[in-house]
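I have placed the structure first, in the form of structure tokens, so that the comments after it can refer back to it.
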Amino acid sequence: MNCNEAVKLVAAYADGEIDSARGRSIEEHLRSCAACEAKHQDVLALRARIRAEVPYYPAPPALNERLRAAVARDASEPDGSERPAAPAPRSPDRSRFGWLMGGALAGCAATLLAFFLSTAVIDWRANEDIAVQAVGTHVRATLDNRLIEVASSEQHTVKPWLSARLDYSPPVRDFASDGFPLVGARLETLDKQRVATLVYRYRQHTIDVYVRPDSAHAPTAPRTLRGFNVAHATGSGMDWLAVSDVSPDVLTGFVQLLVQQSAAK
Amino acid sequence: MPQHGRFEGLVMPHLDAGYNLARWLTRNVNDAEDVVQEASLRALKYVESLRDGDARAWFLTIVRHAFYDWCKRNRPTEVVHDDGAAIDAAVDESALDPERVAVRNAESRALGEAVAALPLVFREVLILRELEELSYKEIARVVDIPVGTVMSRLARARGLLQRSPLLHAIRAHASGGER
């Protein structure tokens, strides 16, 4: 394969869209051609940055609840159009929602207000809220390109590196067989303390796990901050706080796996 | 009513994906909610015609249609159907309210800003590819364009991002690599 052919396929190759036979000849070409390999790396680097820095916006819980309630209400009525008229719609646009907006719209302003209030409260409490701190350190580490200070998938390399720099020895384990390979670790300061930070991958996503000795930290409910999800769990005398852009379900499942494996040791 | 069960089981799991797409297309929290609500209404109506297995791409298609209908009513100047010579600007100027940009922390938001500033036709394929992780074929179906056009728009989107005036550090990051 020459450059003219390869250059058209490099992005598709990086996107996993090339069949294995052609993939092999592209790989061969990339090994011998620095210019095409640079283009390939550009796509991968841009993707890594997008997934780390560009927020994924999950549906607000209020929207989710409103839709469920509206569907349930619609299901219990033979025909939405037969219902008595809802309060006057605020704009022609709104009237199109019919069943969806009946009553629900009335709560909308209040919900929005509550949303902004709670956001403000989160910001205001920023300094004392561990989840906000954790997201902040994750974002800073990503932007500074220093997510990993010791790069290894080998727990016998990562654990001594951390133990030598901390006054505790965090449990370290690779979960590649569960789809979460360990890629390395670094140190962070969280709540004014030095904290072991394990870095895992899930598909193309990075997961930061802050591991601290459990000194009765208040449990943090799973939440979404600045587009990142935060999940928290304690067990076996340790406290795990995970931050990532993976979905809340995956992240919550992962911290539970961490706790179980630690207890099983 | 069986379609409510199907809606709950097939569409609701993809509400996050639908909202994320609407949020990036509208670039606004409230408009995104309106678009997703309208899309959900349509999805409920047509959910019986949905075959199992491709519910996410199906719902994203509906969200996208709902967005374009909304856009024609509310922001007609944004809708451009062709990505040919008409779209030469690397930055959609309407995304760059100088006051808002100044208030935001430029460093940590730069890439998100650059994505938000992409012209619509490039932004949608980029979001579907990099955030929703759809295949070229799925993107082609959602956006209703040939796979070749998916590839050329994606290449354009990536090129615009890498040269974006909002973003200077991609090369630096790439050469730094993962230590």
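The values are calculated or read from the model by the stated rules, or taken from the named source; none is laboratory data. Note that the structure is a prediction, hence the values are computed from the model and not measured. Please note: Cβ atoms are built from the backbone with ideal geometry, for glycine as well, and neighbour counts cover all protein chains shown. All accessible areas refer to the heavy atoms of the entire protein, side chains included, with ligands and DNA or RNA removed. Shrake-Rupley method; radii C 1.70, N 1.55, O 1.52, S 1.80 Å.
Could you run the numbers on buried accessible area between B and A, total for both chains, 1.4 angstrom probe, in Å² to the nearest 100?
Values: alone 10470 and 15680 Å², together 21180 Å².
So the buried area, both faces added, is about 5000 Å².
Straight-line reach from A:LYS39: which lysines have a Cα under 19 Å away, not including same-chain ones fewer than 8 places off?
A:LYS8
Which lysines have a Cα less than 29 Å from the Cα of A:LYS159, not counting those fewer than 8 places away in the same chain?
Those lysines meeting the cut-off are A:LYS192, A:LYS265.
Give me the accessible area per residue for the range A:3-53, probe 1.4 Å, as a whole number in Å².
Working: 2540 Å² over 51 residues.
That works out to 50 Å² per residue.
Provide the solvent-accessible area of A:THR157, counting protein heavy atoms only and rolling a 1.4 Å probe, rounded to the nearest 10 Å².
We get 70 Å² for A:THR157.
Could you grab the Rg to Rh ratio for the range A:3-53? Cα atoms only, Kirkwood for Rh. Don't skip to the answer; put the middle values down first.
Numbers: Rg = 11.0 Å, Rh = 11.1 Å.
Using Cα coordinates only, the ratio equals 0.99.
Given the alpha-carbon gyration tensor of the range A:128-264, what are the semi-axes of its equivalent ellipsoid in whole angstrom, ordered largest first, with each equal to the square root of 5 times an eigenvalue?
Over the Cα atoms of the range A:128-264, the ellipsoid semi-axes are 18, 17, 16 Å.
Just by accessible area at a 1.4 angstrom probe, what is the order of B:LEU131, B:LEU166 from largest to smallest? Walk me through the numbers on the way to the answer.
Numbers: B:LEU131 20, B:LEU166 50 Å².
The ranking, largest first, comes out as B:LEU166, B:LEU131.
Grab the beta carbon distance between B:ARG42 and B:GLU78, set R0 = 25 Å, and tell me the FRET efficiency rounded to 0.05.
Working: r = 21 Å, r/R0 = 0.84.
Efficiency, rounded to the nearest 0.05: 0.75.
Under a 5 Å amide H to amide H cut-off, with H placed in plane at 1.01 Å, what residues pair with A:ILE207 once short-range neighbours are removed?
Those lying under 5 Å, H to H, from A:ILE207 are A:TYR200, A:ARG201, A:TYR202.
Over the range A:128-264, what percent of the accessible surface lies on carbon and sulfur atoms, probe 1.4 Å?
Numbers: 2760 of 5760 Å².
The computed percentage sits at 48.
When Cβ neighbours within 10 Å are restricted to other protein chains, what is their mean count per residue of peptide A:16-28?
Numbers: counts 3, 6, 0, 0, 0, 0, 0, 0, 0, 0, 0, 0, 0.
Per-residue shielding by partner chains comes out at 1.
What accessible area, in Å² to the nearest ten, does a 1.4 Å probe give for B:SER49?
For B:SER49, the solvent-accessible surface is approximately 90 Å².
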